[in-house]
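Engineer: Right, I'll just put the structure down here and ask away after.
The values are calculated or read from the model by the stated rules, or taken from the named source; none is laboratory data. Computed from a prediction, not measured in an experiment: that's the story for all the values here. Methodologically, a virtual Cβ is constructed for each residue, glycine included, from the backbone with ideal geometry; neighbour enumeration extends over all protein chains shown. Note: accessible area is taken over every heavy atom of the protein model, side chains too, but ligands, DNA and RNA are not part of it. Shrake-Rupley method; radii C 1.70, N 1.55, O 1.52, S 1.80 Å.
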Amino acid sequence: MIGKLRAGAAPACALALVLGGWHLAELPAGASAQDARLAKQFAFARQPLNQAVTGRDVRTVAPAFRHISSWISAVGAAVGVADLDGNGRSDDVCLVDPRDDSATVRPAPGTGGRFRTMRLTPGGLPYDATMAPMGCVPGDYNEDGLTDVLIYYWGRSPVLFLRTPGSVDRRDAFTPRELVRPYQVWNTNAITLADVDGDGHSDIVAGNYFPDGARVLDPHARQDELRMQRSMSAGYNGGVNRILLSAARRGGSRPDARFRQVPTPFSDTIARAWTLAIGAQDLDGDGRAELYFANDFGPDHLLQNRSTPGRVRLKPLSGRRHATTPKSKVLGNDSFKGMGVTFPDINRDDVPDMIVSNITENYALHESNFAWLSTGRPAIGADGTARFDDHSESLGISRSGWGWDIKAADFAGTGDTQIMQATGFVAGHTNRWPELQELAMANDDRVADPRSWPRFRPGDDVSGHDPNRFFVRGPDGRFRDIAARIGVADRKPARGIGLADVDHDGRLDFAVANQWGQSYFYRNTRAADHPFLGLRLLVPATAEGDCAGPAHGSRPAVGAAVRLRSGAAGVRTGQVYPANGHGGVSAPELLFALTNRQDRVPATIGWRDQCGTRHTAEVHLAPGWHSLLLGADGSAKEVTP
């Protein structure tokens, strides 16, 4: 009898241990009173960016992918915020809407009807129904002082839409030019801008997804042309990631810009990862941007930048594994699904940290978001070790659903950082997570063959109703999601987030691009009672290519860094890299909250001039917005927007 009792107790004990472990692994229960107090700092008014209803909710895809058409159709919504009409404010929006495969530019809602909504189509260039826009990146690509737009696609290489002088409301206000000549068949999912080689000019880093040449959206593509990833955790058969260096520029009525592809900037495993997001940030303080590739189906990659003008040299970095560190939480060795990246200074040690979106769905693929916090200075050791450890669990941001773009900023005007995250995959009514879990455990030899994949068609659901997240740090140091309390927890699958203070009132606004649904602009309506410092950092524009030639206006100083000293808040930093992440491009500006109403704020600004020379300048600025022209003589002069 005793033996029988003991035998029966074993399963019960095992069950108790499992349930106890699950309870310990769960995030702490929400404290409604604390959440209510945190929510009082925020207020947003939501306005639509596009039409509410269109008839399409899936793309036409290649025959090999018809049974997984919803999966193939799950990306493509994107948004960028910039100053397109030259009024000195980033109050214009570039939006990619998959419902009609449109890429449009328009004024942000509530900023006046300054120009009509304009659709950007690559007229005169090869373009057909097998190609679809995936994202838009505003920037001055020919350095003539006017803001252009780069559109990237599935089915072809990106197109530059270069601004011509005059009103943005003219039909010929944007001239399409090939980025790659002749065009190639790429399937691009991410682009960031950075002066990779340190010559003083912004370069383009492109992350591709499906293999080059794959006509994913061609209904006549042959079965043997199309493959999926080779592995769920080590897929290195994707499209080739590329770096294109700025080469030649021309403004005027026939604008042009040329970029030179770097032949082999990456190893094969980095070059052919299935990239969904790219980030650029100077982590070691040498004025050159390190690159972070957030990859689906395999490890993310952090690359130290050791480039010189005309020569790109990037060194892969890895973190250290400690006794309590799971293998997949070591920087450079994870096996999660990287979907977005942003660079706040969470631990306030004057070194940018990295927050990364992954898939973290309860009862499904329960991976983890990353919060790579710096653990020492320099952040990159002489031995190539990246001194960053993941603290996402202790910070309360490890789990959020199926994550995409992620942005970190101060929306309250208090000097603290909040974290926004777009979430959701495929919306429907039939849960297909069981089939997806089976696929995730399948033999790698079968995963690459589309015929081995289960059905993902219209009506099927995979994390289709996750709410967008808005994490705010509480008094205990943990972040709490209060998105529902402040009205930003949209449950449509979202992809991109763009940030800007569109009316320069010191309150940060944002736009969200939704996949197969209406997209929105969120105006920050909190009480404007906090002092702030806003900076538009500019360098002279020299379109003809002579770095020391005459200036033709000014352009954003991409890569410029600011070190601000403000009262009790101590040192705070910011860098101008607007295009970090997946599907969302922010204004090329910096906004800092001030802790007191001091007359002048001391700050150090670092930049490279148009000849590649590094400079620093000490400035003392009054609270409010400032436009500073950063000169080749090391000066930082106030200019009229």
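Engineer: Within the range 619-632, take every residue that is small (Gly, Ala, Ser) and more than 26 Å from Gly549 (Cβ to Cβ) and give me the one that is surrounded by the fewest Cβ atoms within 10 Å (Cβ to Cβ).
Structural biologist: Looking at residues that are small (Gly, Ala, Ser) and more than 26 Å from Gly549 (Cβ to Cβ), I get Ala622.
Engineer: Check every one of the strands (runs of 3 or more DSSP E) wholly within the range 126-216 and list those with 1 or more residues that are at pLDDT 95 or above and open to solvent by 20 Å² or more (accessible area, probe 1.4 Å).
Structural biologist: Here the list reads 174-178.
Engineer: Please enumerate the residues belonging to the range 350-382 that are under 29 Å from Thr604 (Cβ atoms) and either out of contact with any strand residue (DSSP E or B) (no Cβ under 8 Å at 6 or more places or on another chain) or β-branched (Val, Ile, Thr) (or both).
Structural biologist: Within the range 350-382, Val351, Ile355, Val356, Thr375, Gly376, Arg377, Pro378, Ile380, Gly381, Ala382 meet the criteria.
Engineer: Of all residues in the range 605-618, which are open to solvent by less than 50 Å² (accessible area, probe 1.4 Å) and either at negative phi or without any contact (Cβ under 8 Å) to a residue 12 or more places away in the chain (or both)?
Structural biologist: Across the range 605-618, the qualifying residues are Ile605, Gly606, Trp607, Asp609, Gln610, His615, Ala617.
Engineer: Within the range 603-618, can you find the residues that are more than 25 Å from Gly498 (Cβ to Cβ) and either more than 30 Å from the chain's Cα centre (by Cα) or aromatic (Phe, Trp, Tyr) (or both)?
Structural biologist: Matches in the range 603-618: Glu618 only.
Engineer: In the range 520-544, what count of residues is obtained for those that are more than 16 Å from Gly624 (Cα to Cα) and assigned to a strand (DSSP E or B)?
Structural biologist: Total meeting the criteria: 8.
Engineer: Those residues that are of a type outside the set (D, E, K, R), open to solvent by 10 Å² or more (accessible area, probe 1.4 Å) and within 23 Å of Gly612 (Cα to Cα), I need them from the range 297-313; list them, please.
Structural biologist: Residues satisfying the conditions are Gln304, Thr308, Pro309, Gly310, Val312.
Engineer: Regarding the range 96-111, can at least one residue be identified that is at pLDDT 95 or above and over 24 Å from the mean Cα position of the chain (by Cα)?
Structural biologist: Among the residues of the range 96-111, at least one is at pLDDT 95 or above and over 24 Å from the mean Cα position of the chain (by Cα), which makes the answer yes.
Engineer: Which condition number does Ala280 fail, the rest of (1) farther than 24 Å from Leu162 by Cβ; (2) among the small types (Gly, Ala, Ser); (3) touching a Ser or Thr at 6+ places or on another chain (Cβ under 7 Å) being met?
Structural biologist: (1)
Engineer: Output the residues belonging to the range 353-378 that are surrounded by fewer than 24 Cβ atoms within 10 Å (Cβ to Cβ) and in a loop (DSSP other than H, G, I, E, B).
Structural biologist: Selection gives Glu361, Asn362, Tyr363, Ala364, Leu365, Glu367, Ser368, Thr375, Gly376, Arg377, Pro378.
Engineer: Pairs needed: first member in the range 202-221, at positive phi; second member anywhere, of a type in the set (D, E, K, R) and modelled with pLDDT under 95; C-beta distance under 9 Å; at least 6 residues apart or different chains.
Structural biologist: Going by the 9 Å Cβ cut-off, the qualifying pairs are Gly213/Glu225.
Engineer: Can you run down the residue pairs with Cβ atoms below 9 Å, 6 or more apart or on separate chains, where the first is in the range 62-81 and in a strand (DSSP E or B) and the partner is among the polar types (S, T, N, Q)?
Structural biologist: Matching pairs, first to second residue: Val79/Ser519; Gly80/Ser586; Val81/Ser90; Val81/Ser586.
Engineer: List the pairs whose first member sits in the range 118-130 and is farther than 16 Å from Gly155 by Cα, whose second member is surrounded by fewer than 16 Cβ atoms within 10 Å (Cβ to Cβ) and at pLDDT below 95, and whose Cβ atoms are under 8 Å apart, counting only residues at least 6 apart or on separate chains?
Structural biologist: Within 8 Å, the pairs are Met118/Asp169.
Engineer: Still on this structure: Only one of these conditions is not met by Leu499: (1) under 24 Å from Val576 (Cβ atoms); (2) open to solvent by 50 Å² or more (accessible area, probe 1.4 Å). Which number is it?
Structural biologist: Going through the list (1) under 24 Å from Val576 (Cβ atoms); (2) open to solvent by 50 Å² or more (accessible area, probe 1.4 Å), Leu499 breaks only (2).
Engineer: Would you point out which residue out of Pro540, Pro602, Pro556 is touching a residue at least 12 places away in the same chain (Cβ under 8 Å), open to solvent by 10 Å² or more (accessible area, probe 1.4 Å) and within 30 Å of Asp300 (Cα to Cα)?
Structural biologist: Pro556
Engineer: While we're on this one: Within the range 582-618, count every residue that is out of contact with any Pro (no Cβ under 9 Å at 6 or more places or on another chain) and assigned to a strand (DSSP E or B).
Structural biologist: 15
Engineer: Additional query: Tally time: how many residues in the range 619-638 are more than 17 Å from Arg565 (Cα to Cα), part of a strand (DSSP E or B) and either of a type in the set (A, V, I, L, M, F, W, C) or in contact (Cβ under 8 Å) with a residue 12 or more places away in the chain (or both)?
Structural biologist: Residues meeting the conditions: 6.
Engineer: For the range 227-239, state whether one or more residues are over 25 Å from Leu291 (Cα atoms) and touching a residue at least 40 places away in the same chain (Cβ under 8 Å).
Structural biologist: yes
Engineer: For a quick check of your reading of the model, give me the residue pairs whose first member lies in the range 486-503 and is among the acidic types (Asp, Glu), whose second is modelled with pLDDT of 95 or more, with beta-carbon atoms closer than 6 Å and at least 6 apart or on different chains.
Structural biologist: Asp490/Asn468; Asp501/Leu508; Asp501/Leu591
Engineer: Now for a different question. When both residues are 6+ apart or on different chains and their Cβ atoms are under 8 Å apart, which pairs have a first residue that lies in the range 378-401 and is in contact (Cβ under 8 Å) with a residue 40 or more places away in the chain and under 22 Å from Met339 (Cβ atoms), and a second that is basic (Lys, Arg) and in a helix (DSSP H, G or I)?
Structural biologist: Final answer for the pair search is Asp390/Lys329.
Engineer: Given (1) surrounded by fewer than 20 Cβ atoms within 10 Å (Cβ to Cβ); (2) in a strand (DSSP E or B), where does Ala234 come up short, assuming only one miss?
Structural biologist: Going through the list (1) surrounded by fewer than 20 Cβ atoms within 10 Å (Cβ to Cβ); (2) in a strand (DSSP E or B), Ala234 breaks only (2).
Engineer: Test Gln575 against the stated conditions and say whether it is under 29 Å from Ala190 (Cβ atoms) and over 17 Å from the mean Cα position of the chain (by Cα).
Structural biologist: The answer is no for Gln575.
Engineer: Kindly indicate whether Gly200 is under 20 Å from Gly139 (Cβ atoms) and in contact with an Asp or Glu (Cβ under 6 Å, 6 or more places away or on another chain).
Structural biologist: yes
Engineer: Which one is nearest to Lys329 (Cα to Cα) among residues in the range 261-296 that are open to solvent by 10 Å² or more (accessible area, probe 1.4 Å) and assigned to a strand (DSSP E or B)?
Structural biologist: Ranking the qualifying residues of the range 261-296, first place goes to Asp296.
Engineer: For the structure I just gave you, tell me whether Gly517 is over 30 Å from Arg348 (Cβ atoms), assigned to a loop (DSSP other than H, G, I, E, B) and modelled with pLDDT under 85.
Structural biologist: no
Engineer: Additional query: Report, by residue number, each residue of the range 82-103 that is part of a loop (DSSP other than H, G, I, E, B) and among the polar types (S, T, N, Q).
Structural biologist: Passing the criteria: Asn87, Ser90.
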